[in-house]
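Here's the structure we're looking at; comments come further down.
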Amino acid sequence: MKIIVCVKQVPDAKDVRLDPKTNTLAREGVQSIMNPYDRHALEEAVRIKEQFGGTVTVLSMGPPQAEATLRDAVACGADDAVLVSDRAFAGSDTWATTYTLSQAIKNIGGADLILCGKQAIDGDTAQVGPGLAERMGIPFVAYVRKVNDCAGGSIKAERLMDDGYDAVEVALPALFTVVKEINEPRVPSLKGKMRAKKLEINTLNAVDIEADLDQLGLKGSPTQVVRVFSPELRGERSMLNGSADEQVAQLFDKLEPLL
Amino acid sequence: MLRIDIEACIGCGVCEDTCTFGAIKVEDGHAVVGDGCTLCGSCVDVCEVDALVIEREESVFKTKIDEWAGVWVYAEYRHGRIAPVAIELLGVGRKLADQRQAPLSAVLIGSKLDGQGEELVAYGADKVYVVDDPALASFTDDSYGNVLTDLAQEHKPEIILAGATAIGRSFIPRVATSLAAGLTADCTNLEIREEDGALLQTRPAFGGNIMATIVCPHTRPQMATVRPLVMKPLVRDDARRGEIVLVTPEPSRLVSRVKVLESVIEDLDQVNLTEADIVVAGGRGLENEKGFAMIKELADVLGGAVAASRAAVDSGWVPYPHQVGQTGKTVAPKIYIACGISGAIQHLVGMQSADTIIAINRDADAPIFDVATYGIVGDVFEVVPKLIEKFKQRTNR
C-alpha cells in the first residue's frame, strides 16, 4: 500500500496576535510547527504501514523552510519526503492549493491512500482534504477517528459526526482527513532523526509538476482576503464582591429569575 | 506578485520586521523579496512610503457572473430532523436575498422527507428543492455532493450557504471544487457589499486570534459554510407560502463509493450541548477528573449540559464532544457558567454569544472575566460546592 500524508508547516496559532496599532499579524518569535492534526495523520499512516506493509511519503506545499517539517515527519516514521515549492504558489487559497497538491501527487505516481489532518490550525478551513479528493476523483471520508481494517483493497473506518459516528467502508484509492482522537503520535526515534537529517528531500516546482500557471497562487484563487482585523469581545466585566458565601448568594439571586 | 518600487523604498526595514515568513530583507538600501513570500500583504499595509504593492493579474476565471442569481441554503437533514443551523441560515439568507432582490431557496437532500419542505418555507424559503430518495438515507460525500453540484449547475444560484457542521464541512468543499467556486469556511458574519453586490464573508482564523473578510470577485456561486448558533432564525410563520420542487436525480448520481455500514447516535449529552439553555463548563482549574465531577453535579442540579475547555479535554477528564471553542463546539445558551477556565481566545469564540456568562476563577486577571456578565474571583473548590448546595435547596423547595 502506498500512502501519502499531506503535512503543512504552520505558525503556532496560539502565539499569533494582530498588532492593534498596525493592524498586521505580529508573528515575531512565533515558532513554525507541523500542523498538529497532520501529525495524527502521519502517525496513522505509519501504523497502517507497520501492520499491513507499504510506504509512507510525506508531501508538503510551502516555502523552502517547510523542509524542516518534512524532516520532522521523516524522523517520526515517513519513508520519504516531497516538497512542492515555487514562488508561483504564493497567495494560494484552498482551490489553488488542491490543484497544486493534486498535480504533485500525480507527478509522484499517485497513492492508494491519502491522509490529511482534519484542518490546519492557521487557516482552520478544513477544505483542502475534501477539495483534493475531488481533484483526484477519489472517494473522501472526513473526521476519521478510527481505522478498523485495511485489507483487500478497501478500508473500514469510523468517522466522527456531530451527533455520534458513522461506520463506513470505502474502496481504495481514497482520501481521509483524521481527528486527533485517532491515535497518540509517537516521538521521533534517534534512528529516525539520523535518517531525517541525511535524507534527500525531493523538491518540485511548478514546472516539475506540469502545472497550468494560470491556476496557481493568487491568480488561481477564487477567494480574496479584503480585510483582516481583531475579533471584538463583549466587554462587560462585572465582578461580584464579598466573601465566597456572599458572592454565591448574589449570583443565586441573579440566576434564579433566569431559570 | 509583490512588486517593490526601489525608487520609493527608503530601506527603513519596517516590512522586514513585519514579515512573519522572513521573506523580505533590506539589502543595498532597499527591500528585496525572497522565496518565502506568501503574498499575505502585511508589508504592504505597514509601508509608509507606499513602495510595496501586490500586483494582481487579470482574473483567469471566466465565469459570467451576471448569469447567477438567487440565494440558496443547504438544509441539512439527518436522523429524521432538519439541523437547527439550516433554520438559522434561512434567517440570514432571507436578508441577503432581499438585499439582492432575489429569491431564497433551500435544498433538502435525504430520504422520507414528507412535510419537511413546508417547514423550510415557514422559516423563510421562497422555494425548496426536495431530493428524496432511499439512496440518500445516509450522508455520503459522493451522493450529496453530486446532487447539490448538479442542481447548482442547472439553476445557477449566486450564493450557496451551508452549516459549518461535520456534514457541511465535509462535502461542501467538494461541491465548490467541482463548480470552480470560491468557498469560505466557518463564517460568523455575512453581508452584501453595496457597491457591487458581492458577498462579504467574515470568519475567524489563527484559532480565533484574528478575523478575516473574504470576497469572491470573479467566480459564482459565492459559497460559505456558516458556524452554527451565530445567525438568528426568523420567527416561524405557517402562513408563508412557497414552492416545493421535487427533484429526481439520475440514478448514477446517487451511487457512492463510500458505504455507510452503521450510523450511531452517541452520548445524548453531547448532542444536547449545542441546544441546551444552561451550560456548565470546566477547565484546567479543576485540576483533575475528580474536580471535574463537580461540573457534572452543578449541571445536573441546574438541568444543564456539561462543557469543557480544551485543557480539560486534553487532560482526559471529559471526552472531546464536550469541548467548546474554536476546535470544538459553538454554544449560545441562556446561561454559561465557566468554572476554572482562564478564557483563551480559542475558548471565548465558542461561547461569547451566551446571554449571561458567569465566570469563576482564582486569577482576577483571567481573560474570561472580560466577557463575564458576573464574575467571581475565588477558589472553584469553595465556590462551586456552595452553588450546588444553594441550587439543591431551591430544587427541594
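The values are calculated or read from the model by the stated rules, or taken from the named source; none is laboratory data. Remember, it's a predicted structure, so these values are computed and weren't measured experimentally. Quick reminder, even Gly has a Cβ in these numbers, built from the backbone with ideal geometry, and neighbours come from all protein chains shown.
If only one of A:Lys193, A:Lys146, A:Lys197 is more than 7 Å from chain B (Cβ to nearest Cβ) and part of a strand (DSSP E or B), which one is it? Full working, then the answer.
Details: A:Lys193 fails: part of a strand (DSSP E or B); A:Lys197 fails: part of a strand (DSSP E or B).
When all the criteria are applied, what remains is A:Lys146.
Scanning the stretch B:346-397 for residues that are surrounded by fewer than 23 Cβ atoms within 10 Å (Cβ to Cβ) and aromatic (Phe, Trp, Tyr), we see that the one that is nearest to the other protein chains (Cβ to nearest Cβ) is B:Tyr374. Of all residues in the stretch B:208-243, exactly one satisfies the criterion of being more than 27 Å from B:Glu194 (Cβ to Cβ), hydrophobic (A, V, I, L, M, F, W, C) and surrounded by 17 or more Cβ atoms within 10 Å (Cβ to Cβ), namely B:Leu229.
Could you check, for the stretch B:152-167, whether at least one of its residues is among the aliphatic types (A, V, I, L, M) and without any contact (Cβ under 8 Å) to a residue 12 or more places away in the chain? Scanning the stretch B:152-167, I find at least one residue that is among the aliphatic types (A, V, I, L, M) and without any contact (Cβ under 8 Å) to a residue 12 or more places away in the chain, so the answer is yes.
Being within 10 Å of another protein chain (Cβ to nearest Cβ), among the β-branched types (Val, Ile, Thr) and crowded, with 18+ Cβ neighbours inside 10 Å, is that true of even one residue in the stretch B:15-25? For the stretch B:15-25, residues within 10 Å of another protein chain (Cβ to nearest Cβ), among the β-branched types (Val, Ile, Thr) and crowded, with 18+ Cβ neighbours inside 10 Å: present.
I'd like to check which strands (runs of 3 or more DSSP E) are fully inside the stretch B:240-282 and have at least 2 residues that are modelled with pLDDT under 95.
Working: elements: B:243-246, B:258-265, B:278-282.
The qualifying strands (runs of 3 or more DSSP E) are B:258-265.
Checking each residue in the stretch B:77-97 for being over 15 Å from B:Pro233 (Cα atoms) and either at pLDDT 95 or above or touching a helix residue (DSSP H, G or I) at 6+ places or on another chain (Cβ under 6 Å) (or both) picks out only B:Tyr77. Does the stretch B:26-36 include one or more residues that are at pLDDT below 90, within 34 Å of the chain's Cα centre (by Cα) and surrounded by fewer than 18 Cβ atoms within 10 Å (Cβ to Cβ)? The answer is yes, given that some residue of the stretch B:26-36 is at pLDDT below 90, within 34 Å of the chain's Cα centre (by Cα) and surrounded by fewer than 18 Cβ atoms within 10 Å (Cβ to Cβ).
So which residues in the stretch B:70-101 are of a type in the set (Lys, Arg), closer than 21 Å to B:Ala198 by Cα and outside any loop (DSSP other than H, G, I, E, B), if there are any at all? Full working, then the answer.
Here is the first cut: in the stretch B:70-101, the ones of a type in the set (Lys, Arg) are B:78, B:81, B:94-95, B:100.
Then drop every residue that is not closer than 21 Å to B:Ala198 by Cα, which leaves B:94-95, B:100.
Correct list: B:Arg94, B:Lys95.
Of the residues in the stretch A:93-110, not one is buried (at least 20 other Cβ atoms within 10 Å of the Cβ), part of a loop (DSSP other than H, G, I, E, B) and more than 8 Å from every other protein chain (Cβ to nearest Cβ).
Taking A:Leu172 as meeting all but one of (1) out of contact with any strand residue (DSSP E or B) (no Cβ under 9 Å at 6 or more places or on another chain); (2) more than 18 Å from B:Phe171 (Cβ to Cβ), write down the number of the exception. Result: A:Leu172 passes all but (1). Consider A:Leu233 carefully, then state whether it is surrounded by fewer than 16 Cβ atoms within 10 Å (Cβ to Cβ), modelled with pLDDT under 95, of a type outside the set (S, T, N, Q) and more than 30 Å from A:Ala157 (Cβ to Cβ). The answer is yes for A:Leu233.
Checking the condition outside any loop (DSSP other than H, G, I, E, B) and either closer than 16 Å to A:Glu44 by Cα or away from chain B (no Cβ under 14 Å) (or both), which residue from A:Ala133, A:Ala157 passes? Step through it out loud before you land on a result.
Details: A:Ala133 fails: either closer than 16 Å to A:Glu44 by Cα or away from chain B (no Cβ under 14 Å) (or both).
After ruling out the rest, the residue left standing is A:Ala157.
Checking each residue of the stretch B:218-236 against the condition of being more than 21 Å from B:Glu76 (Cβ to Cβ) and within 9 Å of chain A (Cβ to nearest Cβ) gives at least one match. Within the stretch B:183-196, can one find any residue that is acidic (Asp, Glu), surrounded by fewer than 24 Cβ atoms within 10 Å (Cβ to Cβ) and touching a Leu at 6+ places or on another chain (Cβ under 6 Å)? Yes: one or more hits.
Selection of the stretch A:240-251 for residues being within 7 Å of another protein chain (Cβ to nearest Cβ) and of a type in the set (S, T, N, Q) yields only A:Gln247.
Scanning the stretch B:52-65 for residues that are in contact with a strand residue (DSSP E or B) (Cβ under 6 Å, 6 or more places away or on another chain) and either closer than 16 Å to B:Pro217 by Cβ or assigned to a loop (DSSP other than H, G, I, E, B) (or both) yields B:Ile54, B:Glu55.
Conditions (1) more than 16 Å from B:Glu243 (Cβ to Cβ); (2) of a type outside the set (Val, Ile, Thr); (3) in the same structural domain as B:Val235 (by TED's automatic domain parsing); (4) surrounded by fewer than 15 Cβ atoms within 10 Å (Cβ to Cβ), marked per residue:
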site	(1), (2), (3), (4)
B:Asp50	yes, yes, no, yes
B:Glu88	yes, yes, yes, no
B:Gln99	yes, yes, yes, yes
B:Ala122	no, yes, yes, no
B:Asp126	no, yes, yes, no
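Considering the conditions (1) within 29 Å of B:Gly208 (Cα to Cα); (2) at pLDDT 95 or above; (3) touching a strand residue (DSSP E or B) at 6+ places or on another chain (Cβ under 9 Å), A:Thr98 is excluded by exactly one of them, (3).
Filtering the stretch B:283-297 to residues that are of a type in the set (D, E, K, R), closer than 16 Å to B:Ser342 by Cα and either part of a helix (DSSP H, G or I) or at pLDDT below 90 (or both) leaves only B:Arg284.
A quick yes/no check of all residues on (1) over 27 Å from the mean Cα position of the chain (by Cα); (2) crowded, with 22+ Cβ neighbours inside 10 Å; (3) over 19 Å from B:Val384 (Cβ atoms); (4) among the hydrophobic types (A, V, I, L, M, F, W, C):
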residue: B:Glu275; (1), (2), (3), (4): no, no, yes, no
residue: B:Ile295; (1), (2), (3), (4): no, yes, no, yes
residue: B:Gly304; (1), (2), (3), (4): no, yes, no, no
residue: B:Ala307; (1), (2), (3), (4): no, yes, no, yes
residue: B:Gly316; (1), (2), (3), (4): no, no, yes, no
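Put simply, of A:Asp86, A:Asp80, A:Asp124 the only residue that is without any contact (Cβ under 8 Å) to a residue 24 or more places away in the chain, in contact with a Ser or Thr (Cβ under 9 Å, 6 or more places away or on another chain) and of a type outside the set (S, T, N, Q) is A:Asp124. Quick check: anything in the stretch A:224-239 at the interface with chain B (Cβ under 7 Å from one of its Cβ atoms), out of contact with any Asp or Glu (no Cβ under 7 Å at 6 or more places or on another chain), closer than 29 Å to B:Cys216 by Cα and in a loop (DSSP other than H, G, I, E, B)? Yes: the stretch A:224-239 contains one or more residues that are at the interface with chain B (Cβ under 7 Å from one of its Cβ atoms), out of contact with any Asp or Glu (no Cβ under 7 Å at 6 or more places or on another chain), closer than 29 Å to B:Cys216 by Cα and in a loop (DSSP other than H, G, I, E, B).
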